[in-house]
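Reviewing the structure listed below.
The values are calculated or read from the model by the stated rules, or taken from the named source; none is laboratory data. Note that the coordinates shown come from a computational prediction; the quantities given were computed from them, not determined experimentally. Here the Cβ positions follow ideal geometry from the backbone for every residue, glycine too, while neighbour counts run over all protein chains shown. These area figures cover heavy atoms from the full protein model, side chains too; ligands, DNA and RNA do not enter into them. Shrake-Rupley method; radii C 1.70, N 1.55, O 1.52, S 1.80 Å.
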Amino acid sequence: MIRRYLRLLGVQLRSSSLLILQYRGDFLLEGLVSLFWTVTALAPLFVVYRGRESVAGWSFGEALLVVGWFTLLQGVLEGAITPSLNGVVDHIRKGTLDFVLLKPADAQFLVSTTRFLPWRATNVLSGVGLFVYAFHLLDRGPSIPGLFASVVLLGSSTLLLYSMWILTVSAAFFVVRVDNLTYFFQSIFDAARWPSAVFKGTLSFIFTFIIPLALMTTFPAEAMLGRLSLKSLLAAVGGSLAFAFVSRRVWLRSIGHYTSASS
Amino acid sequence: MSLRNAARAFPTMLRIGFSEALAYRAELLIWVVSTTMPLIMMALWTAVARDAPVGRYGTQGFVGYFLATFVVRQLTGSWAAWQINFEVRQGTLAMRLLRPISPLWAYAAENLGAMPMRLLVAVPVALLSVAAVGRAAVPQTAWGWPVLLLAIFGGWLITFLANVAIGTMVFFMESSQKLMDVWLVLFFVFSGYMYPVELFPPVLRAVADWLPFRYQIGLPVEVMTGAHGLAETLGLLARQWMWIFLLGVFSFTLWRRGVRRFAAYGG
């Protein structure tokens, strides 16, 4: 069973990379655009920290780590998660999801692996660049156990992002004409650019428990600084697993709700 | 086709735009939720201002500023670029071109027709702002109100015309989506959407003053929160309408040349 799915993944990856290779010129352009994004995205950070040392207990260098994680995860999101799931929204609109559902493999697996945009890897590189620069500013190195923890958190954050996307896509089964679901999701994710300590009250509650943005960027940054407790780490991993479980249930229900366009 | 024809048909087109907005209300709602960035920025900046005010903005000042930003963004939205992009690639633009009125009027009517629905969101937020900040949230002078309306309308015009110009580029490139992304990044940085432009370092501020972006959001918001005196406001308003004129000439010329290149794919 697992071997079959691994082979399927290989086939899907190969076909999407062949698709990408058709447009080699795009690779350079996309890289440039993504670099441009990263640089301009820093503008508010510079404006916020103009003339002050720290905001909500985060110094400029530390906040830069959060931005680094944001950039890196954005690369993961836009490179591996968004492209194929955008296809689902298209399928639902046109009623062609039938062709996917008929195939003898799990539908969620099939729709999640159809397309990858490898050039978004440039985002991951700029994220790593930001880490290096941030630690240079902080004039210290990352904590070694913290680095391991942050790698674990990278996994759980990716799982969280993916599950949130599945939930958003499931909404497409119930609402007509949702071409802009991607923008909706990206604009929510955008709040993860800032250390979660700046959000107070209702927003803080929402971003910790309902849309767990704090877990995605603030926790890994804290782990790198070596001040994330083991309890928080476990909570993050557990939380992301629970989230994945819920999104899977919701997906299955939505599929049940789906009536094809031709029927 | 004459301007008189268009003027006669425009009320009907507005009604169609309103019906569409009503029919696709879920889409409109999603769009509203995806413009919550000002609320995020409000949380951030009030956290920054908690220790000491930034410039002339204290905690209250930022609440007023960003709620006004939210309102202005609702009222100046345009999605013509996506529409043109989509219709050119699908070939459905051919249908619009058959009609005796330029499709640009239809795009404008669709945007403006959604206004009543958008006011449903914007007005409560404006009232909330008055409740939270008091009278400072809305213009306090008699001239402030008409100027605010003019500035918001101007902001929409700039957004719409820029959308047309960028959307029209699809006639010359395969897709204008990337170009729109670049415009949006510059918009976010320079429009005053994420922070008042006056918090910029002086050099960048001078740049922002001459770019069109701050006249989409920043100027109406500043008029709403009463940031400038009459003379300064009129000066900024003049720059806004200069941009409207420039963008108008540019995008209509571009559109006319572009349509000539249009061949309905798959039509």
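Tell me the total accessible area that B and A bury against each other, 1.4 angstrom probe, in square angstrom rounded to 100.
3000
Shielding of B:186-194 by partners, i.e. mean partner chain Cβ atoms within 10 Å per residue?
2
Using only the alpha carbons, work out the radius of gyration and Dmax of chain B in angstrom.
Looking at chain B, its Cα Rg and Dmax stand at 19.3, 62 Å.
Which number comes out as Rg/Rh for region B:1-145 once both Rg and the Kirkwood Rh are worked out on C-alpha atoms?
Using only Cα positions, Rg/Rh for region B:1-145 is 1.10.
How much accessible area per residue does region A:131-263 have, in Å², with a 1.4 Å probe?
Spelled out: the 1.4 Å probe surface of region A:131-263, per residue, equals 48 Å².
Straight-line reach from A:Lys103: which lysines have Cα under 19 Å away, leaving out those fewer than 8 places along the same chain?
Partners found: A:Lys94.
Order these peptides, B:40-47, A:134-141, by their mean beta-carbon neighbour count within 10 angstrom, highest first.
B:40-47, A:134-141
A:Arg227 to A:Leu13: extension gain in nm, 0.36 nm per residue of separation minus the Cα-Cα distance?
Full extension of this stretch gives 73.3 nm more.
What length, rounded to one decimal in nm, is gained on full extension from A:Ile206 through to A:Ser143, with 0.36 nm per residue of separation minus their alpha-carbon distance?
19.7 nm
For every helix of n ≥ 4 consecutive DSSP H residues, a contribution of -39,500 (n - 2.57) applies; sum these over chain B, divide by its total residues, and give [θ] at 222 nm rounded to the nearest 500 deg cm²/dmol.
-24000 deg cm²/dmol
What ranking do B:63-75, B:141-153 get when scored by the average of other Cβ atoms within 10 Å per residue, highest first?
B:63-75, B:141-153
What are the membrane-span-like helices in chain B by this rule: whole DSSP H runs, Cα extent along the axis at least 27 Å, mean Kyte-Doolittle hydropathy at least -0.5?
Length and hydropathy pass: B:3-23, B:144-168, B:230-261.
Just to confirm the number: angle between the C-alpha axis of helix A:60-76 and the first principal axis of chain A, 0 to 90 degrees, nearest 10?
Helix A:60-76 sits roughly 10 degrees off the main axis of chain A.
Would you mind calculating the gained length between B:Glu198 and B:Arg257 on full extension (0.36 nm times residue separation, minus the Cα-Cα distance), in nm to one decimal?
Full extension from B:Glu198 to B:Arg257 adds 17.3 nm.
Taking the Cα centre as origin and putting +1 on Lys and Arg beta-carbons and -1 on Asp and Glu beta-carbons, what dipole magnitude results for chain A, to the nearest 20 debye?
With Lys and Arg at +1 and Asp and Glu at -1, about 580 debye.
Given H placed 1.01 Å from N in the peptide plane, which residues other than close sequence neighbours of A:Gly226 have an amide H under 5 Å from its amide H?
For A:Gly226, the qualifying residues are A:Ser143.
Pop out the Kirkwood hydrodynamic radius of region A:2-72 from its pairwise C-alpha distances, inverse of mean 1/r, in Å to one decimal.
Computed over Cα pairs of region A:2-72, the Kirkwood hydrodynamic radius comes out at 15.6 Å.
Taking the Cα atoms of region B:29-109 alone, what are Rg (to one decimal) and Dmax (as a whole number) in Å?
19.7, 61
Report the Stokes-Einstein translational diffusion coefficient (µm² s⁻¹, integer) for the protein assembly as shown, Rh taken as the Kirkwood radius over Cα pairs, at 25 °C with viscosity 0.890 mPa s.
98
Rounded to the nearest 0.05, what FRET efficiency do A:Arg50 and A:Val246 have when you use their Cβ-Cβ distance and R0 = 41 Å?
Calculated value: 0.50.
If eta is 1.306 mPa s and T is 10 °C, what Stokes-Einstein diffusion coefficient results for region A:44-193, Kirkwood Rh from Cα pairs, in µm²/s?
This corresponds to a translational diffusion coefficient of 91 µm²/s.
How tilted is helix A:230-257 with respect to the longest principal axis of chain A? Cα atoms for both, answer in degrees (0 to 90, nearest 10).
Helix A:230-257 sits roughly 20 degrees off the main axis of chain A.
Compute the semi-axes of the equivalent ellipsoid of region A:125-197, taking the square root of 5 times each eigenvalue of the Cα gyration tensor, and list them largest first in whole Å.
33, 14, 9
For region A:45-87 and region B:92-123, what is the centre-to-centre distance using only Cα atoms, to the nearest Å?
About 36 Å separates the Cα centre of region A:45-87 from the one of region B:92-123.
Determine, for each peptide in B:164-176, A:216-228, the mean count of other beta carbons within 10 angstrom over its residues, then list the peptides with the highest first.
A:216-228, B:164-176
Could you work out the relative contact order of region A:1-257? I mean the mean sequence separation of Cα pairs under 8 Å and 6+ apart, divided by the number of residues, in percent.
26
Partner chain Cβ atoms within 10 Å, averaged over the residues of B:43-52 - can you pull that number for me?
Mean shielding count: 6.
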